[in-house]
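In what follows, a structure is listed as C-alpha cells, so that the remarks can point back to it.
What follows is calculated from the coordinates using simple rules that are stated; it is not laboratory data. Since we're looking at a predicted model, the values are computed, not measured. Heads up, the Cβs are rebuilt from the backbone with ideal geometry, glycines too, and the neighbour counts pull from every protein chain shown.
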Amino acid sequence: MKKKISQKDKKDWLNFINSKKKIFDKDKEKPIEKLEEKIIDLHGHSLDNANIIIDDFIQNCFKQKVNKIVVITGKGSRSKNVDDPYKSRDLSILKYSVPNYIESKKYLMNKIKEINYNQINDIYFGSFEIILKKIKE
C-alpha cells in the first residue's frame, strides 16, 4: 500500500533542503559529559587512609563537575573502638571522623555547598551525602 505525499509535506521538504540552517551533527559534536553523582566506599580503610582518599576524591569530583557525592562509611556498629573508653567514638569511627576531617580543611569546604549532617547523626545510616558547589566558568 502506497501513501500519497501531501502538498504540505512536499513544501516542508523543499523548504528543508533549501534551507541554509545547519543541522546538529551528533557524530562531530559531543555534548559535555555532566556527572550527577559519584559514590565512594571507605569500608575497611584506616582513619588516615580514608582521609587521604576522601580528600583526593572530593577534589577530583569538583574538577569533573560532579554535583553529589555519596560517602559510604558504614554505621560503625561493629567497630571495636565503641567499647574502648580511651578512644573517642566521634573521632575513631569513619562515620564521624571523615566529616570532621573534611570540615577541618578549608580548601575542601570551599568546594562543598552542603554536607548532610542528618544522615551522619542518624544511627540507621551508614553513608552521607556531600553536595558540591558549581565551578564558575
Checklist entry - Taking the highest mean first, how do the peptides 2-11, 57-66 order by number of other beta carbon atoms within 10 angstrom per residue? => result 57-66, 2-11
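On full extension of the chain, what length is gained from residue 123 through residue 9, given 0.36 nm per residue of separation minus the C-alpha to C-alpha distance? Show your work: numbers first, answer last.
Working: separation 114, 0.36 × 114 = 41.04 nm, distance 6.40 nm.
Full-extension gain reported as 34.6 nm.
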Checklist entry - Taking the Cβ of residue 123 as the center, what net charge do the other residues with Cβ under 10 Å away carry, scoring Lys and Arg +1 and Asp and Glu -1? => result +1
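Below 14 angstrom from the Cβ of residue 51, what's the summed charge of the other residues (Lys, Arg +1; Asp, Glu -1)? The partial results should precede the final answer.
Details: positive: 95, 105; negative: 48, 55, 56, 103.
Result for the neighbourhood of residue 51: -2.
In which sequence would 37, 129 go, from the one with the fewest C-beta neighbours within 10 Å to the one with the most? Don't skip to the end; give the middle numbers.
Values: 37 11, 129 17.
If I rank by nearby Cβ atoms, fewest first, I get 37, 129.
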Checklist entry - For residue 49 and residue 18 in the same chain, what is the full-extension length gain: residue separation times 0.36 nm, less their Cα-Cα distance, in nm? => result 4.8 nm
Checklist outcome for this item: In the structure shown, of 38/136; 68/136; 21/65; 65/95, the pairs separated by more than 22 angstrom at the C-alpha atoms are 21/65; 65/95
